[in-house]
1. Take the residue pairs K85/K317; K28/K317; K45/K304; K193/K317; K85/K106; K202/K230 and return only those whose Cα atoms are more than 18 Å apart.
2. Which FRET efficiency value, to the nearest 0.05, is calculated for L308 and H72 with the Förster distance at 35 angstrom and r the Cβ-Cβ distance?
3. Could you please report the charge total around T152, scoring K, R as +1 and D, E as -1 over all other residues with beta-carbon less than 11 angstrom from its beta-carbon?
4. Which number do you get for Rg(Cα) / (2.2 N^0.38 Å) in the chain?
5. Where does helix 166-175 land angle-wise versus the long Cα axis of the chain, in degrees 0 to 90, nearest 10?
6. Output the peptides 135-141, 181-187, 158-164, 171-177 sorted from most to least packed, where packing is the average of other Cβ atoms within 10 Å over each peptide's residues.
7. Based on the alpha-carbon set only, what is the convex hull volume of the stretch 39-94 divided per residue, in Å³?
8. Picking from H57, H72, H169, which is most flexible by a Gaussian network model of the chain using Cα springs under 10 Å?
Amino acid sequence: MPQTRLPDTFLRLDASSYHRPQFFQDEKNLAQSLGMKYQLIHFSKMDSLKKQEELQHLTNTAQSFCLVTNTHTPIVKLPKDLLEKTHILLHPNSGYDNFPMDWVQKQKFPIVLGNEIRSQAVAHYTINELLQHENRIPSQKSWDKSRNWDRTLLDEKEILLIGMGTIGHLIQQVLTPLTSRLSLFDPFKGHGKFSDFSSLLKKADIILFACSLNESSRHLLSEENIDLLKEDILIINGARGPLINESSLIDFLADHPKAYAVLDVFEEEPFQNQFEKLNNIKTTSHIAGVSKNLDQRILNFEEKYLELLLEDRELPKDLLLQNRIISHATNTNKEKRILL
């Protein structure tokens, strides 16, 4: 297997609050085991001249970089001379809404998305919330002679799954044996058309969001179409907050007490007290993709793709952000694109 040289510096630009303290030492050990120097900065919080000077010094002294970002990294603010020395950018997240299309198209290095890291966790969150809401199992400490259970099975509900990327496929695989009434919506993967979206909303009993956020999918559930929903709709969003017009959803839930929403993501995070008057909503703190072994999954992802680069092997095309942006930019049928 031919060998190429890795960048000499592994530069993590931002850190997330869920990382355990040991993670950064483990990441440093990984970088050093591959012959790279390790640097951790908090680029999204670089508001002082001293910090900016430190980054400039690092850029001047390093020969080349592997950049590691997250959803907090202000991509467009990355210095040009840093980008010119970048050989690969690893983004251990599924969402890429902080990567503007025109910025991506200008870069000469591969940008690898971490869909594989959290897809199982987000799918698990979605399925778990769905089953808990639809079929909460009663606790019976003594024998119930009636043996009644007033529940509706999933096969008696119309389920709309929005997005057929990695997470959507996992959810589909779980639900398909349980229901024959699962509708898939992702026009650019052969599942429905945008002209059909209103009719899908009208007939849905349950809506599951599994798509990424971009200009096409922002406010997919909007002020204009939210009143098409049934009065007892169940909405689960563990994907991205701005897929839903939040203020319109709040108004809808207030007017329809039989409706219910489960939100893990929000238009502005952290969320404040905008939901406190609602009894028909469950909120969690953007944890759908978090699991006990998340740090190790991230390390495995980083090691996997750095070794591919070291061995001069082709990176998976479906994980390269450039390929997704290009497919969006070259689309000619004028319909909106949900990139997953």
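1. On the way: K85/K317 22 Å; K28/K317 27 Å; K45/K304 29 Å; K193/K317 25 Å; K85/K106 14 Å; K202/K230 7 Å.
Over 18 Å apart, Cα to Cα: K85/K317; K28/K317; K45/K304; K193/K317.
2. 0.85
3. -4
4. Expressed relative to 2.2 N^0.38 Å, the Cα Rg reads 1.11.
5. 30 degrees
6. The most tightly packed comes first, giving 158-164, 181-187, 171-177, 135-141.
7. Measuring per residue, one finds 82 Å³ for the Cα hull of the stretch 39-94.
8. Maximum fluctuation in the GNM of the chain, among the listed residues, is at H57.
Throughout, read-outs are computed from the coordinates displayed, never taken from laboratory work. Please read all numbers here as calculations on a predicted model, not as lab measurements. Using ideal geometry, Cβ is built from the backbone for each residue, glycine included, and neighbour counts are taken over all protein chains shown.
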